[in-house]
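J.: Quick one: this structure, given as structure tokens, is what I'll be asking you about.
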Amino acid sequence: MRAGARIQAAIDLVAAVDTSTRGGGAAADDILRAYFRQRRYAGSKDRREVGTLLYAVLRRRGELAWRLGEAASPRLMVLLERCLSGAAPAALDAEFEGDTHAPEPLSESETLLIDKALSADAEAAPAWARHNFPAWMEASLRRRFGARMDEEMDGMTGRASVDLRVNTLRGKVADARAALPQAVPTPWISTGLRLEQDGDISSDPLYLGGYVEVQDEGSQIAAHLCGARRSMQVIDFCAGAGGKTLALAAAMGNTGQIYAHDSDARRLERLRPRAKRADARTIQYVDRADRLPAAADRVILDVPCSGTGTWRRNPEARWRLTPERLDEVTALQDSLLDAGAALVGKGGQLVYITCSLLPEEGEDRIAAFLARAPGFSALPYTVNWTDEGPVPYTLSHIPEYLVLSPASHQTDGFFVAVLERKE
């Protein structure tokens, strides 16, 4: 592909992601993969450059839309992103020459629009445009971050690293580090390793043999805070594809029992081959909640959420969320808290986890739950932090609850609350 064809491909993909976002369809990475499956002639450099431009637009979409105003379109946003990244409008026209698959050269009116957009005073932009989030979300984010909002939101527009969890059921951390000299230890979890942003581990023998799993360090921290110990009875109530389930199995040394449950049986099925590869042998797969045992030592609720903590990995997700969708999600979280609580034994713990940074999905849900469940009380999140290094500090104004963020902890955003059943 020539340079102009790559730009046109990015324009087409931005338009496709826009349509999918409005309709609640496929995610950007799925759309990108499907696009290139139909274009086998595209090389790895083409795929890399088109993908980089697509995600640059998605990360800066709020600012691009503010600069362009009503004229914002996939074509102009892609071209403006190119200019903001250093290309001159005249240079863009030169890239299109002689390429039948390139965009049409800029018209005079488009050139004027691009010039006006480039001259806009970025300091005068509203917060939603400077930090690329839906305007309606500002009050929630200010409530979460307070005076740190600018710094924290800047951290959510970058790219995420590739984090690994060493599977201690298969081998030792030191051996994995020696086999992956390109990886560095993560700052909080002793079994964590970190690769560069473009690190690909999928064909490495260490990954194929189950010695490491791809898992953000924030997710590893959340799993560690579950306090799963040898011989416990643990229910992972929203197991999904099982990232935390496998971390729990390793923490328990293949003893006790882990009951993996999810409302979507297809997600749960993806756990089976992963568990086999990881040598996790104490997992029971339960597709119906009424078949789960009562009086568990731990019930883990990694609940469905807005995903605001994963914006670095899924930049278009910020534009999918609406106030109405947030209301639906919080209602589901309330329902899951009630269902999970019924399975906790006396003295056991209910651990609530969400990869959201919105207070509505964190402390608000816990406050509402504790008001209707007097038999439970909140414990300090540090209660289960054992055999590790420094305790991650929290961004929450309620010290019992852990809030992680990309800017402060170099992880995805997470909220974790540990609740104990007293009676």
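J.: Can you pull out every residue in region 328-342 that is in contact with a Phe, Trp or Tyr (Cβ under 9 Å, 6 or more places away or on another chain) and surrounded by fewer than 23 Cβ atoms within 10 Å (Cβ to Cβ)?
T.: Of everything in region 328-342, those that are in contact with a Phe, Trp or Tyr (Cβ under 9 Å, 6 or more places away or on another chain) and surrounded by fewer than 23 Cβ atoms within 10 Å (Cβ to Cβ) turn out to be Asp334, Leu336, Asp338, Ala339, Ala341.
J.: Let me ask something else. If you take the residues in region 120-179 that are part of a helix (DSSP H, G or I) and in contact with a strand residue (DSSP E or B) (Cβ under 7 Å, 6 or more places away or on another chain), which one is farthest from Ala280 (Cα to Cα)?
T.: Step by step, filter region 120-179, then rank; the result is Arg177.
J.: Further, regarding this structure: Considering (1) charged (D, E, K, R); (2) part of a helix (DSSP H, G or I); (3) over 26 Å from Ala120 (Cβ atoms), say which one Arg39 fails and leave the rest.
T.: The single condition Arg39 does not satisfy is (2).
J.: Then there's this: I'd like to know if region 259-271 contains one or more residues that are touching a strand residue (DSSP E or B) at 6+ places or on another chain (Cβ under 8 Å), closer than 20 Å to Leu332 by Cβ, at pLDDT 95 or above and not in a loop (DSSP other than H, G, I, E, B).
T.: Yes; the residues of region 259-271 include at least one that is touching a strand residue (DSSP E or B) at 6+ places or on another chain (Cβ under 8 Å), closer than 20 Å to Leu332 by Cβ, at pLDDT 95 or above and not in a loop (DSSP other than H, G, I, E, B).
J.: Which one of Arg365, Arg312, Arg320 is among the basic types (Lys, Arg), touching a helix residue (DSSP H, G or I) at 6+ places or on another chain (Cβ under 8 Å) and modelled with pLDDT of 95 or more?
T.: Arg365
J.: Are any residues in region 368-406 out of contact with any His (no Cβ under 9 Å at 6 or more places or on another chain), in a helix (DSSP H, G or I) and either of a type in the set (S, T, N, Q) or surrounded by fewer than 18 Cβ atoms within 10 Å (Cβ to Cβ) (or both), and if so, which ones?
T.: Ala368, Leu370, Ala371, Arg372, Thr382, Val383
J.: Inspect region 86-100 for any residue being of a type in the set (S, T, N, Q) and either at pLDDT 90 or above or under 25 Å from the mean Cα position of the chain (by Cα) (or both) and give the result as yes or no.
T.: The first filter runs over region 86-100 and keeps only residues of a type in the set (S, T, N, Q), leaving 100.
Checking the rest, the ones that are also either at pLDDT 90 or above or under 25 Å from the mean Cα position of the chain (by Cα) (or both) come to none.
No: zero hits.
J.: Another question, if that's okay. How many residues, within region 234-243, are outside any loop (DSSP other than H, G, I, E, B), out of contact with any Phe, Trp or Tyr (no Cβ under 8 Å at 6 or more places or on another chain) and at pLDDT 95 or above?
T.: 0
J.: While we're here: Pairs under 7 Å by beta carbon, first residue among the aromatic types (Phe, Trp, Tyr) in region 22-39, partner surrounded by 15 or more Cβ atoms within 10 Å (Cβ to Cβ) and not in a loop (DSSP other than H, G, I, E, B), six or more apart or different chains?
T.: So the pair list comes out as Tyr35/Leu13; Phe36/Arg47.
J.: Could you list, in sequence order, all residues of region 40-70 that are within 19 Å of Ala27 (Cβ to Cβ), touching a residue at least 24 places away in the same chain (Cβ under 8 Å) and in contact with a Leu (Cβ under 8 Å, 6 or more places away or on another chain)?
T.: Selection gives Val50, Leu54, Val57, Arg60.
J.: Separate question: How about region 283-312: which of its residues are surrounded by fewer than 16 Cβ atoms within 10 Å (Cβ to Cβ) and assigned to a loop (DSSP other than H, G, I, E, B)?
T.: Asp287, Arg288, Pro293, Ala294, Ala295
J.: To continue, here is another question. So for region 26-36 (the condition being among the small types (Gly, Ala, Ser), in contact with a helix residue (DSSP H, G or I) (Cβ under 8 Å, 6 or more places away or on another chain) and surrounded by fewer than 18 Cβ atoms within 10 Å (Cβ to Cβ)), does at least one residue qualify? Let's see the steps before the verdict.
T.: Filtering region 26-36 down to residues among the small types (Gly, Ala, Ser) leaves 26-28, 34.
Right, trim to in contact with a helix residue (DSSP H, G or I) (Cβ under 8 Å, 6 or more places away or on another chain) and you get 26-28.
Next, from what is left, pick out any that are surrounded by fewer than 18 Cβ atoms within 10 Å (Cβ to Cβ): 26-27.
Checking region 26-36: at least one residue is among the small types (Gly, Ala, Ser), in contact with a helix residue (DSSP H, G or I) (Cβ under 8 Å, 6 or more places away or on another chain) and surrounded by fewer than 18 Cβ atoms within 10 Å (Cβ to Cβ).
J.: Same structure again: Considering (1) modelled with pLDDT of 90 or more; (2) surrounded by fewer than 16 Cβ atoms within 10 Å (Cβ to Cβ); (3) in the same structural domain as Gly69 (by TED's automatic domain parsing), say which one Arg143 fails and leave the rest.
T.: (3)
J.: Is region 247-257 home to any residue that is touching a strand residue (DSSP E or B) at 6+ places or on another chain (Cβ under 7 Å) and in a strand (DSSP E or B)?
T.: Within region 247-257, one or more residues are touching a strand residue (DSSP E or B) at 6+ places or on another chain (Cβ under 7 Å) and in a strand (DSSP E or B).
J.: Next up: Condition first: farther than 29 Å from Tyr55 by Cα and surrounded by 14 or more Cβ atoms within 10 Å (Cβ to Cβ). Now tell me which residues in region 165-188 satisfy that.
T.: Passing the criteria: Val166, Asn167, Thr168, Leu169, Arg170, Gly171, Val173, Ala176, Arg177, Ala179.
J.: Please identify the pairs in which a residue from region 338-350 that is under 9 Å from Arg298 (Cα atoms) has its Cβ atom under 7 Å from the Cβ atom of a residue that is aromatic (Phe, Trp, Tyr) and in a strand (DSSP E or B), counting only partners at least 6 apart or on another chain.
T.: Going by the 7 Å Cβ cut-off, the qualifying pairs are Leu350/Phe376.
J.: Of (1) over 29 Å from Phe133 (Cα atoms); (2) surrounded by fewer than 17 Cβ atoms within 10 Å (Cβ to Cβ); (3) under 20 Å from the mean Cα position of the chain (by Cα), Leu271 satisfies all except one. Which?
T.: Among (1) over 29 Å from Phe133 (Cα atoms); (2) surrounded by fewer than 17 Cβ atoms within 10 Å (Cβ to Cβ); (3) under 20 Å from the mean Cα position of the chain (by Cα), the lone unmet condition for Leu271 is (2).
J.: Out of Ser263, Ser219, I need the residue that is under 28 Å from Pro187 (Cα atoms) and within 23 Å of the chain's Cα centre (by Cα). Which one?
T.: Ser219
J.: Taking the conditions exactly as written (part of a loop (DSSP other than H, G, I, E, B), over 23 Å from Asp29 (Cα atoms) and free of Cβ contacts under 8 Å to residues at least 12 places away in the same chain), does Ala87 satisfy them or not?
T.: Here the answer is yes, as Ala87 does meet what is asked.
The values are calculated or read from the model by the stated rules, or taken from the named source; none is laboratory data. None of these values were measured; they are calculated from a predicted model. Note: ideal-geometry Cβ built from the backbone for every residue, glycine included; neighbour counts use all protein chains shown.
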